[in-house]
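Notes to accompany the following structure.
The values are calculated or read from the model by the stated rules, or taken from the named source; none is laboratory data. Model, not experiment: these values are computed from the prediction. Glycine also receives a Cβ, built like all others from the backbone with ideal geometry; neighbour counts cover every protein chain displayed. Surface accessibility is based on the protein's heavy atoms, side chains included, excluding ligands, DNA and RNA. Shrake-Rupley method; radii C 1.70, N 1.55, O 1.52, S 1.80 Å.
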Amino acid sequence: MNRRDAIKKSALALGTAAGAPTLLSLLQACAKTDRLTWTPQFLSEDQARFISSFVDFLLPKTETPGGLDVKADVFIDLMYAKTYDEAGQNQVVADIEKFNADCKTEYGKVFAELSTEDKANCFKEHEANSPKFPKTVWGGAVGPREPVGFYRGLKSTVLWAYFSSEEIGKNVLSYDPIPGEYRGCMPLSEVGNIWSL
């Protein structure tokens, strides 16, 4: 074997060794990506996948972090595990199963497996048919309080988990751990971002 062939074979072997991990990661990226990256405390894997899909569709990552980036799905699972009594937990499981069953009837798949268009249609339908939160005055409900249902309750919880996260509070909303002087009247253009609590 001459020197030129030896160099070609060595370069080919080196290129194959260096490119194999990249090729493997590309193949894995094309594989099914709905596996959970966290271990649920209360929910089953399918139920946790539903919550993650719901969070990701409601608050996708854009120029700001998405709901999954701040682990809103993990927070919700932990909230169900630590703050709900047994009856509340059973109701959550029943509501998730019913939501998925309705999706399967309407679209042929559970919510986590739906296309973006079908998820949007599902959200529009639930938005139109779910009871609304009662009107409030200074944080107190006015009139009788009717249950808002699973969809609107989960949506509200996702938003609460997102906006109360440290990442959003410190890096997206305006954050001042030691507030200065009070300026009650100032132009709106000076306000900037919404203030974090």
Original post:
What ranking of 82, 119 comes out by heavy-atom accessible area, probe 1.4 Å, highest first?
Top reply: 82, 119
Original post:
Could you work out Rg/(2.2 N^0.38 Å) for segment 116-197, with Rg from alpha carbons only?
Top reply: 1.49
Original post:
What distance in nm separates the simple spin-label points at residue 97 and residue 181, each placed 7 Å from Cα in the Cβ direction?
Top reply: 6.2 nm
Subject >> Kirkwood hydrodynamic radius of segment 32-121, from inverse mean 1/r over distinct Cα pairs, in Å >> reply: 13.7 Å
Subject >> Dimensionless Rg ratio for segment 38-197, taking C-alpha atoms and the 2.2 N^0.38 Å reference >> reply: 1.20
Subject >> Most to least packed among 133-146, 94-107, 49-62 [average Cβ atoms within 10 Å] >> reply: 49-62, 94-107, 133-146
**OP:** First measure r as the distance between the Cβ atoms of residue 44 and residue 121, then evaluate 1/(1 + (r/R0)^6) with R0 = 22 Å and state the FRET efficiency to the nearest 0.05.
**Re:** 0.30
Original post:
Residue separation times 0.36 nm, minus the C-alpha to C-alpha distance between residue 104 and residue 167: what's the value?
Top reply: 19.2 nm
Subject >> Simple label model, 7 Å out from Cα along Cβ direction - residue 36 to residue 132, nm >> reply: 3.6 nm
**OP:** Would you work out which of 148, 96, 163 lies farthest towards the positive end of the dipole of segment 84-197, given +1 charges on the beta-carbon of Lys and Arg and -1 on that of Asp and Glu, about the Cα centre?
**Re:** 148
Original post:
If you take the charge dipole of segment 30-185 about its Cα centre, with +1 on Lys and Arg Cβ and -1 on Asp and Glu Cβ, which of 182, 108, 62 is farthest toward its positive end?
Top reply: 182
